[in-house]
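Colleague: Supplied in structure tokens, the structure appears directly below.
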Protein chains: 2
Amino acid sequence: MPFEAAIIPVILSGGSGTRLWPISTRERPKQLLSLTAEETMLQLTARRASGPRFAASIVVGSTAHAQDIEEQLGEIGAAAQALVLEPMARNTAPAIALAAVAAGGDATPLLVMPSDHVIADVPAFHAAIEAALPLVAEGWLVTFGITPDAPETGYGWIKVGEAIAPGAHRVARFVEKPPRDRAEAMLADGDHAWNGGIFLFRADMYLGALGTHAPAMLVASQTAMDRARREGKRVYPDADAFAESPSESIDYAVMEKAERVAVVPVSMGWSDVGSWDALHAISARDENDNVCGPEVLTIDTTGCLVRSDRARIAMVGVKDLIVVASGEDILILPRGRSQEVKRLLEAMKERDA
Amino acid sequence: MPFEAAIIPVILSGGSGTRLWPISTRERPKQLLSLTAEETMLQLTARRASGPRFAASIVVGSTAHAQDIEEQLGEIGAAAQALVLEPMARNTAPAIALAAVAAGGDATPLLVMPSDHVIADVPAFHAAIEAALPLVAEGWLVTFGITPDAPETGYGWIKVGEAIAPGAHRVARFVEKPPRDRAEAMLADGDHAWNGGIFLFRADMYLGALGTHAPAMLVASQTAMDRARREGKRVYPDADAFAESPSESIDYAVMEKAERVAVVPVSMGWSDVGSWDALHAISARDENDNVCGPEVLTIDTTGCLVRSDRARIAMVGVKDLIVVASGEDILILPRGRSQEVKRLLEAMKERDA
């Protein structure tokens, strides 16, 4: 093992996950929900970064969800060493900076993970981490490149460059969410990967890169942590200081600009569960290609995703439909159009305004 | 006017209307619901048989709905002269017999109407009644024949025979629910009408016909009324006596067998609202051919019927779908398949058993 120190998982729990409305809401976003298993997305995330290799995690989230986060991690015996509660959302680069400072800002490796993704093949994930560690020890910033299986236009892509270590490559180029034809070409090429938003690097190297490429962000985050209020394991960074930080993604602020950036390609059954269609794709389906709970009765119905927290749903003769009932809200759309939940939410906001 | 006596509307409110599940249930069946207007189907029925031509109605219903019936008729100032509460369902022929006895069994004309049909053109209905009355005075049993506009296989049909009075014809033949090709042929012929289940005849003539063609039914109904318990306007026919009655429709027990049976063809915007498809067909539709309440938000959605008593329903990219949310139940099926609600209810019963 190239490191004495255990890896600190940094779990980013700041998303609002409205693309899975009406189950996911600002009050109870995707990461706090059980979508693919009994355990919530947050619990599954914490669980896949536990074991002798890992220290207790640092979770970055919002005050509104602090109690839920603590309860969910407590339930599975995976309490965080620190819960950093962002005074306001400033995208991923500053959030990770807060965690890097909380971790001590030293050579400890940080495994940065969104809290609302699925990884079906955890051993493959762990193997990829092992492949990354030697480079991380040498100061590289490592991203994990998901082996693509579709021409996704909703993800960033990474052009995988020359091999620099077993299983690890230099990043040749980051590609922002591409148009369809570009995505198809990259998928066909075979030398591109999806940017899954999972990173491994030393805390000091990340903060150093931030100092080089986004110094205002480093100052704001550092100051916010210096002036933070602490309450048990909860850390409340100073709001005035943190407000000064630019709001940028780690990709844009650091990864696309830094020199020594590596990618470890990995095929691990990853999904960001970024839509109801994505959930249908990764869920166990019955013999009629339906994903239904026990509260659903179907006759002559195929290819549907039907979820309900309470209501009984009865369907006849329906094909390829997504139906989600939660509380007093019901969503209905055809499979393939679940990205348009956003349009609906905007239209609802407009109507209620 | 051929009659001194005003016509007594006989409103049959015994249906359970489960084809409009989940809005319509045994507890609150179709006739007690507002489906096509602010007023309930029962209220609309009572209202279209009110005015100087009509006496107060006799309603035949079930004990479970007595209070609802009284309240709804009270709300529109159309209280019944008698509310006959059937101890058990015995189909329409005995139900009408109870009403005929309650009406006095004399020459008073009875206008028998289901309580859960729609008639858009009430003046046309009233004109048909006027056309029927001279024959009714002479002792004919009159049925109203709905001018058909589709090859309906779910209705009984009537072959319209020779003219016997202005606007009135002898019934050449009753045709039970026909197969599709037969229905198409009858529609093309132009000499058939739908049997809408609305009748006009003298109470004595109906009871007489019953004595001839279904004597056991007459005895059971008469005895049940002789031994009835009365409570204000409520009439509780004797259960033991009524239980002896065969269970038959008026068509089968009387109309198809009696000698002097006439039909008055009428085009009056009639619908039995016998399915969600039927409701879509007769409802006012928006520019996208949708029938939606204010609780529904649609984007790129056409040809849908969406109803909800409480939940907010959001839809994108959906076509020709029926969605009904009521309480804790949600029904989803494509337009054209709403007859299959029955299958769903049976499947649910099986599952719950």
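The values are calculated or read from the model by the stated rules, or taken from the named source; none is laboratory data. This is a predicted model, so every value here is computed, not measured. As a convention, Cβ positions derive from the backbone with ideal geometry for all residues, glycine included, and neighbour counts pool all protein chains shown. Ligands, DNA and RNA are stripped out before the accessible areas are found, and what is left, the full protein with its side chains, is counted by its heavy atoms. Shrake-Rupley method; radii C 1.70, N 1.55, O 1.52, S 1.80 Å.
Colleague: Using modelled backbone amide H atoms (1.01 Å from N, in-plane), which distant-in-sequence or interchain residues come within less than 5 Å of A:Ile299's amide H?
Modeller: A:Met315, A:Val316, A:Gly317
Colleague: Additional query: Near the amide H of B:Val263, under 5 Å away, which other amide H atoms are found, from residues 5 or more places off or on another chain, if H is placed in the peptide plane?
Modeller: Amide H neighbours of B:Val263: B:Thr143, B:His169, B:Arg170, B:Val171.
Colleague: Moving on to the next point. In nm, to one decimal, how far is the modelled label at B:Val219 from the one at A:Arg227, with both set 7 Å along Cα→Cβ?
Modeller: Calculated label separation equals 9.9 nm.
Colleague: Is the shape of the stretch B:101-157 rounded, prolate or oblate, going by the alpha carbon gyration tensor and its root eigenvalues a ≥ b ≥ c, with a/c under 1.5 for rounded and a/b larger than b/c for prolate?
Modeller: Verdict is prolate for the stretch B:101-157.
Colleague: Principal axes first, then extents: for the Cα atoms of the stretch B:125-213, list largest minus smallest coordinate on each axis, whole Å, largest first.
Modeller: 39, 28, 21
Colleague: Based on the alpha carbons, how large is the Rg to Rh ratio for the stretch B:167-233 when Rh follows Kirkwood? Walk me through the numbers before you get to the answer.
Modeller: Working: Rg = 18.0 Å, Rh = 15.6 Å.
Reported Rg/Rh, Kirkwood definition of Rh: 1.15.
Colleague: Given all pairs of different Cα atoms, what value in angstroms does the Kirkwood hydrodynamic radius of the stretch A:68-189 take?
Modeller: Numbers: mean 1/r = 0.0584 Å⁻¹.
It works out to 17.1 Å.
Colleague: Taking the DSSP beta bridges in the protein assembly as shown as the whole, what percent of them are antiparallel, to the nearest 5? Let's see the in-between values first.
Modeller: Working: 60 of 136 bridges.
Expressed as a percentage, antiparallel bridges in the protein assembly as shown total about 45.
Colleague: Would you mind giving the three semi-axes, in whole Å and largest first, of the ellipsoid equivalent to the stretch A:138-183 according to its Cα gyration tensor? Mind showing how you got there, number by number?
Modeller: Details: eigenvalues 104, 21, 16 Å².
After diagonalising the Cα gyration tensor, the semi-axes are 23, 10, 9 Å.
Colleague: Hey, another quick one. What does the charge dipole of the stretch B:254-353 about its Cα centre add up to, to the nearest 20 debye, if the Cβ of each Lys and Arg holds +1 and the Cβ of each Asp and Glu holds -1?
Modeller: Numbers: 13 positive and 17 negative charges, 29 e Å.
That gives a dipole near 140 debye.
Colleague: Mind checking which of A:Ile23, A:Ile332, A:Ile96 has the largest fluctuation in a GNM of chain A, springs on alpha carbons under 10 Å?
Modeller: Between A:Ile23, A:Ile332, A:Ile96, it is A:Ile332 that shows the largest mean-square fluctuation.
Colleague: Mind grabbing the base-10 log of I(q)/I(0) for the stretch A:131-280 at q = 0.10, 0.19, 0.21 Å⁻¹? Debye formula, identical points on the C-alpha positions, no solvent, two decimal places.
Modeller: For the requested q values the scattering log ratios are -0.43, -1.12, -1.22.
Colleague: Continuing with this model, one more query. Whenever you get a sec, compute what percent of the accessible area on chain A sits on carbon and sulfur atoms (1.4 Å probe). Kindly include the intermediate steps, with their values, before the conclusion.
Modeller: Details: 6950 of 14280 Å².
Reported share for carbon and sulfur atoms: 49 percent.
Colleague: Calculate, in whole percent, how much of the Cα-Cα pair population of the protein assembly as shown lies beyond 51 Å.
Modeller: 36 percent
Colleague: Leaving out same-chain residues fewer than 8 places away, which lysines sit with a Cα under 22 Å from that of A:Lys349?
Modeller: Reachable lysines: A:Lys30.
Colleague: Using unit Cβ charges (K, R positive; D, E negative) and no other charged atoms, how large, in debye to the nearest 20, is the dipole of the protein assembly as shown about its Cα centre?
Modeller: Numbers: 66 positive and 94 negative charges, 42 e Å.
So the dipole magnitude of the protein assembly as shown works out to roughly 200 debye.
Colleague: Next question. I need the phi-derived Karplus couplings for the stretch A:105-111: 6.51 cos²θ - 1.76 cosθ + 1.60, θ = phi - 60°, integer Hz, Gly and Pro marked x.
Modeller: Once rounded to whole Hz, the list reads x, 9, 7, 4, x, 10, 9.
Colleague: Ok, one more. Which whole-percent values make up P(r) of the stretch B:235-274 when all C-alpha to C-alpha distances are grouped in 5 Å steps starting at zero?
Modeller: 5, 14, 13, 15, 19, 16, 12, 6, 1
Colleague: Another one. If the reach is capped at under 20 angstrom between alpha carbons, list the lysines near A:Lys257, excluding any in the same chain fewer than eight residues apart.
Modeller: Hits, sequence-local ones excluded: A:Lys159, A:Lys177.
Colleague: Return the sequence-ordered ³J(HN,Hα) values of the stretch B:249-254 in whole Hz as given by the Karplus equation 6.51 cos²θ - 1.76 cosθ + 1.60 applied to θ = phi - 60°, using x for Gly and Pro.
Modeller: 3J(HN,Hα) across the stretch B:249-254, in whole Hz: 6, 4, 4, 6, 6, 10.
Colleague: Let me ask something else. Compute the orientation-averaged projected area for the stretch B:1-115 from the convex hull of its Cα atoms and round it to one decimal in nm².
Modeller: Numbers: hull surface 28.6 nm².
Quarter of the Cα hull surface area: 7.2 nm².
Colleague: Next up: If amide hydrogens are placed 1.01 Å from N in the peptide plane, which non-local residues have theirs closer than 5 Å to the one on B:Arg307?
Modeller: B:Val323, B:Val324, B:Ala325
Colleague: Follow-up. Roughly how many debye, to the nearest 20, is the charge dipole of chain B about its Cα centre, given +1 on each Lys and Arg Cβ, -1 on each Asp and Glu Cβ, and no other charges? Spell out each step's value before the answer.
Modeller: Values: 33 positive and 47 negative charges, 56 e Å.
Charge dipole, chain B, about its Cα centre: 260 debye, nearest 20.
Colleague: Can you give the relative contact order of the stretch A:68-177 as a percent, counting alpha carbon pairs under 8 Å and 6+ residues apart?
Modeller: Values: 67 pairs, mean separation 16.3, N = 110.
Worked out over the stretch A:68-177, it gives 15 percent.
Colleague: Could you give the length gained by full extension between A:Lys319 and A:Asp106, i.e. 0.36 nm per residue of separation minus their alpha carbon distance, to one decimal place? Don't jump to the answer; show the numbers that get you there.
Modeller: Values: separation 213, 0.36 × 213 = 76.68 nm, distance 5.47 nm.
Here the answer is 71.2 nm.
Colleague: Another one. How large is ³J(HN,Hα), in whole Hz, for each residue of the stretch A:151-165 in order, when computed from phi with the Karplus curve 6.51 cos²θ - 1.76 cosθ + 1.60 and θ = phi - 60°, using x for Gly and Pro?
Modeller: Working through the residues one at a time gives x, 5, 9, x, 10, x, 10, 10, 7, 7, x, 5, 5, 10, 6 Hz.
Colleague: If each of B:Glu130 and A:Thr153 carries a label point 7 Å out from its Cα toward its Cβ, how far apart are those two points in nm?
Modeller: 6.5 nm
Colleague: I would also like to ask the following. Expressed as a rounded percentage, what relative contact order does chain A have, with Cα pairs under 8 Å and six or more residues apart? List each step's numbers first, then the result.
Modeller: On the way: 764 pairs, mean separation 66.5, N = 353.
This gives 19 percent for chain A.
Colleague: So what's the projected area for the stretch B:193-316, the Cα convex hull averaged over all directions, in nm²?
Modeller: Details: hull surface 49.6 nm².
Answer in nm², one decimal: 12.4.
Colleague: How much space per residue, in cubic angstrom, does the convex hull of the C-alpha atoms of chain A take up? List each step's numbers first, then the result.
Modeller: On the way: hull volume 51.9 nm³, N = 353.
Value for chain A: 147 Å³ per residue.
Colleague: Can you tell me the accessible area per residue over chain B, all protein chains present, probe 1.4 angstrom, in square angstrom? Before the final figure, lay out each step's value.
Modeller: Numbers: 14270 Å² over 353 residues.
I get 40 Å² per residue for this part.
Colleague: Sort out for me the Cα centre separation of the stretch B:157-223 from the stretch A:45-124, rounded to whole Å.
Modeller: Their Cα centres are 77 Å away from one another.
Colleague: Still on this structure: Can you tell which of B:Gly139, B:Gly14, B:Gly74 shows the greatest fluctuation in a Gaussian network model of chain B with Cα springs below 10 Å?
Modeller: So, out of B:Gly139, B:Gly14, B:Gly74, the one fluctuating most is B:Gly74.
Colleague: On to the next question. Can you list the aspartates and glutamates whose alpha carbon is less than 15 Å from that of A:Lys233, not counting same-chain residues fewer than 8 positions off?
Modeller: Cross-link targets: A:Asp68, A:Glu70, A:Glu71, A:Glu86.
Colleague: Over the Cα atoms of the stretch A:248-353, what radius of gyration and what Dmax do you get, in Å?
Modeller: Just the Cα atoms of the stretch A:248-353 yield Rg and Dmax of 18.5, 58 Å.
Colleague: Quick one: angle between helix A:180-189 and the longest Cα principal axis of chain A, in degrees between 0 and 90, rounded to 10, please.
Modeller: Orientation of helix A:180-189: about 70 degrees from the principal axis.
Colleague: Relative contact order for the stretch A:160-216 using alpha-carbon pairs under 8 Å, separation at least 6, rounded to a whole percent?
Modeller: Values: 22 pairs, mean separation 13.2, N = 57.
Normalised by residue count, the contact order of the stretch A:160-216 is 23 percent.
Colleague: Can you give the accessible area buried between chains B and A, summed over both chains, with a 1.4 Å probe, in Å² to the nearest 100? Don't skip to the end; give the middle numbers.
Modeller: Values: alone 15820 and 15820 Å², together 28540 Å².
Answer for the B-A pair: about 3100 Å² buried.
Colleague: Oh, and also: Can you tell me what share of the DSSP beta bridges in chain B is antiparallel? A percent to the nearest 5 is fine.
Modeller: Details: 30 of 64 bridges.
So the antiparallel bridges amount to about 45 percent of the total.
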